[in-house]
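The values are calculated or read from the model by the stated rules, or taken from the named source; none is laboratory data. Quick caveat: nothing in here was measured; it's all calculated off a predicted structure. All Cβ positions, even for glycine, are placed from backbone atoms using ideal geometry, and neighbour counts span all protein chains on display. Ligands, DNA and RNA are excluded from the accessible area calculation, which covers all protein heavy atoms including side chains. Shrake-Rupley method; radii C 1.70, N 1.55, O 1.52, S 1.80 Å.
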Amino acid sequence: MQPDGAFFRRESARLLAALTRIFGVKRSTLAEDVVQETLTAAFEAWRWAGIPEHYSALLMTAAKNRVLDVFRRERTVRKFAPEVSRLIEEEWTMEPSVEELFLPEALRDDELRMMFSCCQPRLKKDAQVALILKNLCGLSVEEIAGAFLDSPAAVEKRLTRAKKALAGSRRLFELTAADFAARLATVHQALYLLFNEGYHSAGADATVRIDMCREALRLVRLLVGHATAATSTTKALAALICLTAARLPGRVDEGGNLRAILQQDRSRWDRSLISEGLELLAESASGVELTAYHVEAAIAGLHASAESADKTSWGEIVSLYDALLTLRPSPVVALNRAIAVAHHKGPARGMDAIRAIRGAGRLSAYPFYPAALGELELRLGRAAAAAGHFEAALRLARNESERRFLRERVTACQAAP
Amino acid sequence: MSEFVFLYRNPPASSLSPQQMQDRMQRWNAWFDDLKRRGALTDRGLPLQHDGGGVVRDKAGTVSDGPFAETKDIVIGFSVVRAERFEGAVALASTCPIYDQDGFIEVRLIARL
């Protein structure tokens, strides 16, 4: 396996899931300490020796030995999870038992369990996502704070509170099949949020954000690979994430400028993610469920399969947005629908659709609301009015790349006849 | 051509995030590769652990943390490097990623007749 830019983070998450399983949720601090010790030792050694080919297996073995040390040291004084206690009662069964806890299938299940544990329904959404980032993506408090544009102290507090809530619930890591099904919806929401945070969050460090998108993709694939978790809704969410992530390389051009979907260089889109997404989308249609993920994935699928912006099936996209509005009504969805209407039936009709948005007041801080008005005015040949809208959008812009994008639009208006 | 020992001294990495560890690890790897490419590396030497060691002070076996007052001065590894003169060795040492990590390098000329 070739180590990539984030393998240490990922290995740390896998180790943490395994060790939390072994030591119990109540002793997550011990699990964290053992992970940190294992990684630090590897870091110190591999700094010199280079990263070995079988780094993952080596880290697992090192962690296993540390677990055995902890067991030998604490066997008589501490209580472990019942099934673990039974396994380690006798010295001669201990090694093979611990060995079993580190088998690949066990590790994969541990990661899934960790995912479902982090998505405790009683926890707030942002706490769930913070826990996923910490426990499943191996991000530090500072890195999470960077992603959320939050202070490290605030993130720390949120995590401590969430961990306390987790430790308080007894059966976390022993989820039954019924818990699993009930909690799947919460897991979907958290992964959706994780991906959107990464894809849209304004201003945060770009590399952290792309990492968040990649992690959401990795975790949703983990769900797709699991018999019970791979429902039609899981596949729809996975399709949505694949098809949207496929556009990431086109979102920013060579000059570092933000590009709206219609101006993107489609040759830069990730073809293999698109075909994976389209396949998942087809599979997701097999069930009776129709969720917002299904509809959003279908919209993303139409964009991804269109050869060019002009050849997009705007009529179909408008109907999908109609469906989305009934499933998940929001002014942002209505705005996106209006933009699709403008492409389908012309800017005047798009303008009507924008004026008809209910609850448009909630868009007053959203820079792409005036920006959409600006685009339509420009297409209607009213450059001065368009410039006014783009200037209003510019005042609402949340980061430098948005500002640069909107400034460029203002200039385009001034150049228009 | 003379040979020098680089003694790397660095504070512990215990508070680093996994990503920071990986980034640093890869920068060290790249640095060693660079020394090797330039033909300056006689022996990349060995890394040393922060804990589990100490300085034995006397015949009675009195042990203290490090030769200096601060634990961050603990040797975390050594290498053997070839350079024309001390100045050349200094030039090589100054390209090490250790300086971004609050560490420093002690450069000593190997004694030869």
Q.
Take the residues in the stretch A:385-411 that are open to solvent by less than 50 Å² (accessible area, probe 1.4 Å) and either outside any helix (DSSP H, G or I) or not assigned by TED's automatic domain parsing to the domain that holds A:Tyr369 (or both); name whichever of them is nearest to A:Gly256 (Cα to Cα).
A. A:Asn399
Q) Across the stretch A:4-24, which residue is modelled with the lowest pLDDT among those that are part of a loop (DSSP other than H, G, I, E, B) and at the interface with chain B (Cβ under 8 Å from one of its Cβ atoms)? A) A:Gly5
Q) Within the stretch B:3-23, is even one residue surrounded by 14 or more Cβ atoms within 10 Å (Cβ to Cβ), among the aromatic types (Phe, Trp, Tyr), assigned to a helix (DSSP H, G or I) and within 10 Å of another protein chain (Cβ to nearest Cβ)? A) no
Q: Assess whether A:Glu44 counts as being out of contact with any strand residue (DSSP E or B) (no Cβ under 9 Å at 6 or more places or on another chain), of a type in the set (D, E, K, R) and in the same structural domain as A:Glu11 (by TED's automatic domain parsing).
A: no
Q.
Where the second residue is among the polar types (S, T, N, Q) and the first is surrounded by 18 or more Cβ atoms within 10 Å (Cβ to Cβ) and lies in the stretch A:148-164, which pairs have Cβ atoms under 7 Å and are six or more apart or on separate chains?
A. A:Lys163/A:Ser28
Q: Tell me, yes or no, whether the stretch B:37-60 has at least one residue that is buried (at least 16 other Cβ atoms within 10 Å of the Cβ), part of a helix (DSSP H, G or I) and of a type outside the set (Lys, Arg).
A: no
(Q) For the structure I just gave you, tell me whether A:Leu378 is part of a helix (DSSP H, G or I), over 28 Å from A:Ile274 (Cβ atoms) and touching a Lys or Arg at 6+ places or on another chain (Cβ under 7 Å). (A) no
Q) Can you tell me which residues in the stretch A:93-124 are among the charged types (D, E, K, R), more than 15 Å from A:Ala31 (Cβ to Cβ) and in a helix (DSSP H, G or I)? A) A:Glu95, A:Glu99, A:Glu100, A:Glu105, A:Arg108, A:Asp109
